[in-house]
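A short worksheet on the structure shown next.
The values are calculated or read from the model by the stated rules, or taken from the named source; none is laboratory data. Bear in mind the structure is a predicted one, so any value in this text is a computation, not a measurement. Heads up, the Cβs are rebuilt from the backbone with ideal geometry, glycines too, and the neighbour counts pull from every protein chain shown.
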């Protein structure tokens with residue numbers, strides 16, 4: 001239950017139940033643009049399998065990840081044969097990639113953590129850590145590399161479209177895989193294929209256009225801003241290390257060119273350099289070239305076997321002898337890994353977990369109230385219910401830059417009044433507690449004693465749900481502009497919010513009902529004075545629009561990252577909120593549609609010509 005797969009299952013269930021209304025994600029972090037929740041390809045695939053096969057999102061997730069796990073060595077075999085390797089060499093590399101991990105051999109602590117020299121490295125990542133989208137990217141990445149090589153050789157628009165489509169699919173599966181794809185592209189460029197620079201650039205632009213709705217500049221900027229904060233121990237840029245990393249790649253490219261190494265082997269060698277340098281510098285010397293560098297050991301394994309397969313094509317040994325030797329080595333390893341897999345994949349009764357019990361209870365009794373759910377409770381919440389949260393399943397996607405500080409303070413702070421101030425300010429009606437005896441995995445609350453005295457609304461042994469004392473349960477509140485937060489205080493000191501918090505509970509101010517009409521649409525109703533504004537406890541984004549009677553109304557951002565609407569009403573009033581992503585998201589959709597249509601036309605035209 002401690003893996004991240006609960007969040008991925010939750011996204012797939014949400015997509016299955018709410019498709020195609022996927023512009024805004026109201027259930028995580030007080031609301032975020034849906035593209036920020038995670039690259040969608042895995043979750044859309046799982047949602048489709050779940051809907052068509054009439055099985056749970058959890059079972060569909062395991063089916064889909066198992067298929068992509070199994071296909072990854074097949075994809076490696078395919079790319080090797082496309083790049084000119086012999087079938088025997090490709091088979092040996094694919095078999096090696098299935099079972100043997102150089103990253104285990106090279107890192108002692110890693111070898112100890114996952115079970116020895118011959119542990120199933122990719123399986124451990126998929127099952128123990130829940131890295132299903134990463135596993136999908138590891139299957140699509142060699143397909144994209146093979147398609148790029150084919151496009152360089154054939155020089156047809158149809159081949160270019162195939163490569164662009166494969167690149168887009170890789171980027172839409174996982175951010176780690178997307179960055180590894182960029183490293184693979186750099187490897188092709190540095191391998192110096194004759195006249196290929198412009199073609200590679202054209203293919204990359206085409207691929208980006210296809211994926212544009214989910215890799216918009218604002219989404220990329222959000223991920224870049226949050227990635228250093230989410231990385232274990234934090235991440236600080238090191239220009240000297242980064243310069244040395246780039247210089248090493250340039251030196252290797254120059255040396256390979258001078259030694260007249262075949263270009264296809266140059267690609268594999270450079271890709272291995274990039275991935276090995278990133279992961280081994282982190283695991284050997286604690287030197288981080290990029291955030292979360294240790295996760296790229298899976299790409300390093302792929303690059304190693306890609307290089308090994310191309311080099312094996314040069315071996316002057318009978319293919320049958322090579323294949324027989326590979327099978328002799330692989331059989332005992334496969335038997336060993338099967339035993340390890342049985343240990344990793346022991347089933348549990350999901351209904352007996354705290355994550356399941358709490359999520360189901362909140363889904364049935366909280367009536368859509370936003371909750372604060374810690375650790376694995378938050379990871380798994382959307383797998384079982386549509387309960388909105390202030391936490392979520394992908395911290396890299398938090399659009400409100402102030403929210404990580406607030407969540408950290410709720411976890412680490414020791415003052416109940418500060419915790420309650422932030423919970424009320426962000427519209428939280430209930431919070432899940434968690435002492436040291438809780439079945440929740442991570443126990444993130446440093447001072448669980450601060451829950452003492454809060455009203456309990458549900459308890460099952462050590463698992464408790466508390467009510468947050470407040471007068472109004474709506475996410476919209478009428479008040480004067482002077483009642484809004486006038487500054488952004490440090491998260492550990494909420495005193496400057498006192499005036500705003502008082503206005504939230506002021507009985508003299510009119511009530512404002514807030515009703516979601518869809519993922520990206522809501523209505524606010526009440527009787528308001530012309531001088532009053534509406535504080536809406538939903539994350540501000542430029543893609544939100546407000547109207548009253550069809551007339552547009554301004555939406556502003558307050559000091560803590562939430563929305564403020566100026567209804568300009570006198571008397572009974574209904575404010576309609578709608579989210580369309582703004583010009584950026586609309587332009588990205590049109591760009592993607594045009595890129596796909598152009599590719600279809602190119603393929604059909606070539607088929608008709610033939």
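Keeping to the range 129-167, report how many residues are farther than 16 Å from residue 71 by Cα and under 17 Å from the mean Cα position of the chain (by Cα).
2
Identify, by number, the condition in (1) crowded, with 20+ Cβ neighbours inside 10 Å; (2) in the same structural domain as residue 267 (by TED's automatic domain parsing); (3) assigned to a loop (DSSP other than H, G, I, E, B) that residue 84 doesn't meet.
With (1) crowded, with 20+ Cβ neighbours inside 10 Å; (2) in the same structural domain as residue 267 (by TED's automatic domain parsing); (3) assigned to a loop (DSSP other than H, G, I, E, B) applied to residue 84, the lone miss is (1).
Being surrounded by fewer than 17 Cβ atoms within 10 Å (Cβ to Cβ) and in contact with a helix residue (DSSP H, G or I) (Cβ under 8 Å, 6 or more places away or on another chain) narrows it down to one residue among 393, 435, 397, 413; which is it?
Details: 393 fails: surrounded by fewer than 17 Cβ atoms within 10 Å (Cβ to Cβ); 397 fails: surrounded by fewer than 17 Cβ atoms within 10 Å (Cβ to Cβ); 413 fails: surrounded by fewer than 17 Cβ atoms within 10 Å (Cβ to Cβ).
Going through 393, 435, 397, 413 in turn, just one is surrounded by fewer than 17 Cβ atoms within 10 Å (Cβ to Cβ) and in contact with a helix residue (DSSP H, G or I) (Cβ under 8 Å, 6 or more places away or on another chain): 435.
Just checking: which of the helices (runs of 4 or more DSSP H) contained wholly in the range 354-419 hold 2 or more residues that are closer than 27 Å to residue 557 by Cα and free of Cβ contacts under 8 Å to residues at least 24 places away in the same chain?
Once the helices (runs of 4 or more DSSP H) in the range 354-419 are filtered for at least 2 residues that are closer than 27 Å to residue 557 by Cα and free of Cβ contacts under 8 Å to residues at least 24 places away in the same chain, nothing remains.
Tally up the residues in the range 1-26 that are touching a strand residue (DSSP E or B) at 6+ places or on another chain (Cβ under 6 Å) and buried (at least 24 other Cβ atoms within 10 Å of the Cβ), please.
Taking the range 1-26 first, the residues touching a strand residue (DSSP E or B) at 6+ places or on another chain (Cβ under 6 Å) are 21, 23-25.
Narrowing further to those that are buried (at least 24 other Cβ atoms within 10 Å of the Cβ): 24-25.
The total comes to 2.
If a residue has to be part of a helix (DSSP H, G or I) and more than 28 Å from residue 543 (Cβ to Cβ) to count, how many in the range 182-207 make the cut? Even if it seems obvious, please write down each step before you answer.
The first filter runs over the range 182-207 and keeps only residues part of a helix (DSSP H, G or I), leaving 182-190, 197-207.
Among the residues that remain, those that are also more than 28 Å from residue 543 (Cβ to Cβ) are: 183-190, 197-203.
Selection size over the range 182-207: 15.
Residue 337 - would you say it is farther than 26 Å from residue 231 by Cβ, part of a helix (DSSP H, G or I) and in contact with a helix residue (DSSP H, G or I) (Cβ under 7 Å, 6 or more places away or on another chain)? Steps first, answer last, please.
Working: farther than 26 Å from residue 231 by Cβ: yes; part of a helix (DSSP H, G or I): yes; in contact with a helix residue (DSSP H, G or I) (Cβ under 7 Å, 6 or more places away or on another chain): yes.
Yes.
Can you say whether residue 191 is assigned by TED's automatic domain parsing to the domain that holds residue 136, within 30 Å of residue 76 (Cβ to Cβ) and at pLDDT 95 or above, as far as the supplied structure shows?
Working: assigned by TED's automatic domain parsing to the domain that holds residue 136: yes; within 30 Å of residue 76 (Cβ to Cβ): yes; at pLDDT 95 or above: no.
So residue 191 does not fit the description; no.
In this structure, does residue 359 turn out to be more than 30 Å from residue 96 (Cβ to Cβ), at pLDDT below 90 and either buried (at least 19 other Cβ atoms within 10 Å of the Cβ) or in contact with a strand residue (DSSP E or B) (Cβ under 8 Å, 6 or more places away or on another chain) (or both)? Before you say what the answer is, go through the steps one by one.
Values: more than 30 Å from residue 96 (Cβ to Cβ): yes; at pLDDT below 90: no; either buried (at least 19 other Cβ atoms within 10 Å of the Cβ) or in contact with a strand residue (DSSP E or B) (Cβ under 8 Å, 6 or more places away or on another chain) (or both): yes.
Here the answer is no, as residue 359 does not meet what is asked.
What about residue 67, is it surrounded by fewer than 18 Cβ atoms within 10 Å (Cβ to Cβ), assigned by TED's automatic domain parsing to the domain that holds residue 226 and part of a loop (DSSP other than H, G, I, E, B)? Outline the logic, then answer.
Numbers: surrounded by fewer than 18 Cβ atoms within 10 Å (Cβ to Cβ): yes; assigned by TED's automatic domain parsing to the domain that holds residue 226: yes; part of a loop (DSSP other than H, G, I, E, B): no.
Taking the combined requirement at face value, the residue does not satisfy it.
Which members of the range 462-472 meet the condition of being over 22 Å from residue 377 (Cα atoms) and either surrounded by 15 or more Cβ atoms within 10 Å (Cβ to Cβ) or in contact with a strand residue (DSSP E or B) (Cβ under 9 Å, 6 or more places away or on another chain) (or both)?
Filtering the range 462-472 down to residues over 22 Å from residue 377 (Cα atoms) leaves 470-472.
Listed by number, the residues that qualify are 470, 472.
Looking only at the range 475-484, count how many residues are buried (at least 19 other Cβ atoms within 10 Å of the Cβ) and in a helix (DSSP H, G or I).
Residues in the range 475-484 being buried (at least 19 other Cβ atoms within 10 Å of the Cβ) and in a helix (DSSP H, G or I): 1 in total.
List the strands (runs of 3 or more DSSP E) inside the range 485-539, counting only whole elements, that have at least 1 residues being more than 15 Å from residue 558 (Cα to Cα). Lay out the reasoning, then the answer.
Numbers: elements: 512-518, 521-528, 533-539.
Hits in the range 485-539: 512-518, 521-528.
Just checking, how many residues over the range 1-24 are over 21 Å from residue 215 (Cα atoms), out of contact with any helix residue (DSSP H, G or I) (no Cβ under 8 Å at 6 or more places or on another chain) and free of Cβ contacts under 8 Å to residues at least 60 places away in the same chain?
0
What number of residues within the range 17-46 satisfy the criterion of being over 23 Å from residue 127 (Cα atoms) and not in a loop (DSSP other than H, G, I, E, B)?
Total meeting the criteria: 9.
Only one of 597, 591 is without any contact (Cβ under 8 Å) to a residue 40 or more places away in the chain, within 32 Å of the chain's Cα centre (by Cα) and under 30 Å from residue 166 (Cβ atoms); which? Let's see the steps before the verdict.
Numbers: 591 fails: without any contact (Cβ under 8 Å) to a residue 40 or more places away in the chain.
So the residue among 597, 591 that is without any contact (Cβ under 8 Å) to a residue 40 or more places away in the chain, within 32 Å of the chain's Cα centre (by Cα) and under 30 Å from residue 166 (Cβ atoms) is 597.
Being over 24 Å from residue 543 (Cα atoms) and out of contact with any helix residue (DSSP H, G or I) (no Cβ under 7 Å at 6 or more places or on another chain) is the filter here, so list the residues in the range 25-52 that pass it.
Scanning the range 25-52 gives 48, 52.
Quick grid of which residues meet (1) in contact with a helix residue (DSSP H, G or I) (Cβ under 9 Å, 6 or more places away or on another chain); (2) over 30 Å from residue 169 (Cα atoms); (3) modelled with pLDDT under 95; (4) surrounded by 17 or more Cβ atoms within 10 Å (Cβ to Cβ):
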{"position": "503", "(1), (2), (3), (4)": "yes, yes, no, yes"}
{"position": "526", "(1), (2), (3), (4)": "no, yes, no, yes"}
{"position": "548", "(1), (2), (3), (4)": "no, yes, no, yes"}
{"position": "558", "(1), (2), (3), (4)": "yes, yes, no, yes"}
{"position": "562", "(1), (2), (3), (4)": "yes, yes, no, yes"}
{"position": "567", "(1), (2), (3), (4)": "no, yes, no, yes"}
{"position": "589", "(1), (2), (3), (4)": "yes, no, no, no"}
